[in-house]
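*Asks:* Please find one structure pasted underneath; my questions will follow.
Nothing in this text is a laboratory measurement; each read-out follows from the coordinates by a stated rule. Computed from a predicted model, the values in this text were never measured in an experiment. As a convention, Cβ positions derive from the backbone with ideal geometry for all residues, glycine included, and neighbour counts pool all protein chains shown.
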Number of protein chains: 2
Amino acid sequence: MKAMLHAATSGAPDIRARGHCLDCAIRQHAVCSDCSAPELEFLTNLKTYRNYKPGERLLEMGERAPFMGTVVEGVASMSRILPDGRRQVVGLLFPGDLVGRPFSPVSPFDYVSVTDLRVCAFNRPQFEAALRDTPALEQRLLEMTLDELDSAREWMVLLGRKSAQEKLCSFMVMAAQRALRLERRRPMDGILIELPLTREDMADFLGLTIETVSRQIGALKKSGVIELIDARHLLIPSWEALEEAAGGELAAA
Amino acid sequence: MKAMLHAATSGAPDIRARGHCLDCAIRQHAVCSDCSAPELEFLTNLKTYRNYKPGERLLEMGERAPFMGTVVEGVASMSRILPDGRRQVVGLLFPGDLVGRPFSPVSPFDYVSVTDLRVCAFNRPQFEAALRDTPALEQRLLEMTLDELDSAREWMVLLGRKSAQEKLCSFMVMAAQRALRLERRRPMDGILIELPLTREDMADFLGLTIETVSRQIGALKKSGVIELIDARHLLIPSWEALEEAAGGELAAA
DNA sequence: CGGGAATTTGACACTCCTCAACACACGTGG
DNA sequence: CCACGTGTGTTGAGGAGTGTCAAATTCCCG
């Protein structure tokens, strides 16, 4: 819970451009999914890739954000730290999700990589100009933003009203849904879930402490809702039982 | 009240069209703020006004939403109720705010009036067509949605990490900011705040119980951060002290 | 193998919830 | 006019669920 962001904003992440937008594996999930071939051609020439190690800060709350982009590989978090060090994660970014706040030069949250991460990045003014000039881009951004807003509000239900145990189950449901969607698969019994976050990140996402997270995972294991492979991998014998234990109401984000 | 919430969506609220968009007092805050005179002319002919008493449900979670609109007067809430009855308010709608989820025929949340309420309403398909055909409308909607997303995430920080007392103070700060913005005024010492919600709605918005809300308001009064006029009205001797007690980080929404 | 981080476990404290009773304002009808 | 019901808000006693602090354990990687 205490803010332990190890490295300062990295001055020069590993940057290199390669690959063409047409070949992008996650384009269908991204803001550029509805762009025409010529529009993609244009974007291809603007983009650069940025790679990060876990724990690096891509953008800092309250600071100028030099770029925007899309997660290509890995997971990142958006979070805020209160003056006394309490931290709340307000969103997880999976492949296809947008990094940065469009039309605001200053980032309203910290963006931090939680796994090895690759981001398809654009110079901010150029990206915003592209947004203004490309209806396909702007309409898709609107669509994505409306979906994110629904998700954020669902998470508010979790934070405000769910028990620690329900929070953990909801998180597992969400993590599984996000991972499966990328592979165009559906949840089912016996499925394997990877938890991409440390206990600390989970705690900060769920509004709990790491000790409570650890204990509730133990309780879920004992009650048979999950089977632990190791600290980061688990098996779901019954998807329905997991959803039941999550306290209901988790629409696919 | 319980009975009202559980009653079906009111079939025929008080509907009448009057007034012209050009004369609308809250247009500058609404989705139509950037529309040209001809565009407003078009919208004027589509709109109808709907009036509600406190506690009426405008739209129901999971049901077809026949209209969308803008709050003209009063306050409404968006909320979700878990299967076992726990309720979380995920947003408050002040004049200018949008009622309904664009591009989704089904409402993801309950919309309930919390005061006497007037809504400028549009038939959903017509409104969505107008959005698609009117860049000024769509761009403004994107802007508003991005702002709402920032606000929702700030509220997640409150729900996940703030104490009951900090939640109350944050709510007062937010309520004051929203009310003042409509009058183009700034927060200052000695200001009067109206709490438009019942203790129950406040509790459901803050992730607390009504008893805790009541007790914390009492504690704030005793410590001098607020002065109670009556149950719904209070005075802020020091705005800075209130923000301090709110635990920091509340950007104007 | 060694050292630090991540995770788990334990004992205890505290915030906030639960249940219950009470106070108050308001409207209705006898 | 007053008794009554209903919705709203306050107050009190006690307990459940999480947080806090401390230590043990496991994992990871050089």
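*Asks:* As a test of the formula, what do you get for chain A when each DSSP H run with n ≥ 4 contributes -39,500 (n - 2.57) and the sum is divided by the residue count, at 222 nm and rounded to the nearest 500 deg cm²/dmol? Each step should come with its number before you reach the end.
*Replies:* Details: 7 runs with 94 residues, N = 253.
Taken over chain A, the calculation gives -12000 deg cm²/dmol.
*Asks:* Rg/Rh for the range B:170-249: what does it come to with C-alpha atoms and Rh from Kirkwood?
*Replies:* 0.93
*Asks:* Taking the alpha-carbon set of the range A:17-163, what are its Rg and Dmax in Å?
*Replies:* 15.5, 50
*Asks:* Tell me which aspartates and glutamates have Cα within less than 12 Å of A:Lys162's Cα, excluding those fewer than 8 residues away on the same chain?
*Replies:* Correct list for A:Lys162: A:Glu154, A:Glu249, B:Asp84.
*Asks:* Can you give the Rg and Dmax of the range A:81-232 based on its C-alpha atoms, in angstrom?
*Replies:* 17.5, 55
*Asks:* Taking 25 Å as R0, compute the FRET efficiency from the Cβ-Cβ separation of A:Ala219 and B:Asp84 and round it to 0.05.
*Replies:* Values: r = 19 Å, r/R0 = 0.78.
Between A:Ala219 and B:Asp84 the formula returns 0.80.
*Asks:* Let me ask something else about it. Could you check the simple spin-label distance between B:Thr209 and A:Ser33, using points 7 Å along Cα→Cβ, in nm with one decimal?
*Replies:* Here the modelled spin labels are 4.4 nm apart.
*Asks:* How large is log10 I(q)/I(0) at q = 0.05, 0.08 Å⁻¹ when the Debye formula is applied to the Cα atoms of the protein assembly as shown, each weighted equally and without solvent?
*Replies:* -0.20, -0.52
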